[in-house]
Amino acid sequence: MAVPVILDCDPGHDDAFNILLAAAHPAIDLLAITTVAGNQTVESTTLNARRVCTVAGIEGVPIAPGRDRPLHGAPLAGENIHGDSGLDGPGFGDDEPRVPRDPRDALTLVRDILRTHPAPVTLVATGPLSNVATLLLAHPELSHRIERIVLMGGSTGRGNTTPAAEFNILCDPEAADIVFSCGRPVTMFGLNATHQVRATPEIVSRIASLGTPLARLCVELLTYFAGTYREVYGFETPPLHDPLTVAHLIDPSLISLVRAPVTVELAGAHTRGATLVDLDGVTGRPANAEVGMEVDVPGFWDLMIEAVRVLGDR
Ligand code: BDR
Ligand code: CA
């Protein structure tokens, strides 16, 4: 049976690929897409989700905007990586995307789904965790309807937005803390795993050779993303972080996992937003998460490219 999934995201170049993977693969039943402020404002990330779904022909999946800011303080933005639109590179034009936004806000939409879906639902989160934490705080009575939370965020080592903190966690550390301590199963794919998955020139030409308008969009996204990763981090090829979440749900053998205690630094003068992953068990704390470690990189790309092919040929 397909895994029922709500995808909470901030598209974002790598979020866009995760939407494609979730929509294309028969192992996933994509119930909704909710958006959050992160890589850009929530207005922009919502528009971007609608744009991606329009080009990919993903219809009938409700898209609803969530929080426009973290639980505390002001929003950060990721325009140095994702551009002013949050999804720079392709020319989407000024036309309103055909795929609409749902009249509900994200919290109401997710609440309605959790109340009525026949089975517990997996939440996949690939942006700041503001929406997920808001749901947990507003509807504790629905937490048993959440099968598990699978997220991209954090790292077992260094960060990417400060030396200590990864972007999604740094955007809303209090929300991340709520998620890691919520008691539902949490699976984390941090930079230690996602940096293994690089969109090399060979990968980009495999996508280009599909020859569809969707494949062209993907190539434009990856070309822009490669440029900013080169400029900002000096990376030769960009890491496609977010789709590890859905890839794991489709094929759990693709990424090895270890159980570990994970805490989020809320107070540090230079380390706010760091995820402290106690791989050696030195804290004596009980494990509260599964943490992604080694990725079967060719296996991941086969899945991802097949998703672009399937949607492009529809
Ligand atoms: C994360 O931050 C965003 O830039 C990406 O979309 C990804 O979710 C990587 O740190
Ligand atoms: Ca993201």
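State the volume of the convex hull built on the alpha-carbon positions of segment 3-312, expressed per residue in Å³ and rounded to an integer.
It is 120 Å³ per residue.
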Which parts of segment 139-167 would a label at HIS117 reach, counting a residue when its backbone N lies under 20 Å from a point 7 Å out along Cα-to-Cβ? 139-153
Report, to the nearest whole %, how much of the accessible area of the chain belongs to carbon and sulfur atoms, 1.4 Å probe, protein only. 53 percent
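So if we plug the beta-carbon distance of ASP95 and GLU43 into 1/(1 + (r/R0)^6) with R0 = 22 Å, what FRET efficiency do we get, rounded to 0.05?
Between ASP95 and GLU43 the formula returns 0.85.
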Working from the alpha-carbon coordinates of segment 19-76, get Rg over Rh, Rh being the Kirkwood radius. 1.03
Rounded to a whole number, what is D in µm²/s for segment 245-314 from Stokes-Einstein with the Kirkwood radius over alpha-carbon pairs (4 °C, 1.567 mPa s)? 89 µm²/s
Could you check the simple spin-label distance between LEU279 and THR223, using points 7 Å along Cα→Cβ, in nm with one decimal? 3.7 nm
By average Cβ neighbour count within 10 Å, what is the ranking of 247-254, 282-289 from highest down? 247-254, 282-289
In whole Hz, what ³J(HN,Hα) sequence does segment 220-236 give by Karplus (6.51, -1.76, 1.60; θ = phi - 60°), x for Gly and Pro? 5, 4, 5, 5, 5, 4, 4, x, 6, 5, 5, 5, 7, 10, x, 6, 5
Given H placed 1.01 Å from N in the peptide plane, which residues other than close sequence neighbours of ILE146 have an amide H under 5 Å from its amide H? VAL121
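Of the listed peptides 60-70, 268-278, what is their order by residue-averaged count of other C-beta atoms within 10 Å, with the highest listed first? Before the final figure, lay out each step's value.
Working: 60-70: 20.1, 268-278: 17.2.
Ranked by mean Cβ neighbours within 10 Å, highest first: 60-70, 268-278.
Which FRET efficiency value, to the nearest 0.05, is calculated for THR162 and ASP251 with the Förster distance at 45 angstrom and r the Cβ-Cβ distance? Intermediate results must be reported in sequence, preceding the final value.
On the way: r = 33 Å, r/R0 = 0.73.
E between THR162 and ASP251, to the nearest 0.05, is 0.85.
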So, for segment 3-312, what is the accessible surface per residue at a probe of 1.4 Å, expressed in square angstrom? 38 Å²
For segment 66-153, what does the convex hull of the Cα positions come to per residue, in cubic angstrom? 142 Å³
Taking amide H positions as placed in the peptide plane 1.01 Å from N, state which residues far from GLU294 in sequence (5 or more) or on other chains have amide H under 5 Å from it. SER256
Compute the whole-percent fraction of alpha carbon pairs in segment 192-314 spaced more than 16 Å apart. 68 percent
Among 99-106, 135-142, what's the highest-first ranking by average C-beta atoms within 10 angstrom per residue? 99-106, 135-142
For segment 118-123, take each phi angle, set θ = phi - 60°, evaluate the Karplus expression 6.51 cos²θ - 1.76 cosθ + 1.60, and give the result in whole Hz per residue in order, putting x for glycine and proline. x, 10, x, 10, 8, 9
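The values are calculated or read from the model by the stated rules, or taken from the named source; none is laboratory data. In this text the structure is predicted, and so the values were computed from the model without any measurement. Using ideal geometry, Cβ is built from the backbone for each residue, glycine included, and neighbour counts are taken over all protein chains shown. We work out accessible area using only protein heavy atoms, side chains counted, and drop any ligands, DNA or RNA first. Shrake-Rupley method; radii C 1.70, N 1.55, O 1.52, S 1.80 Å.
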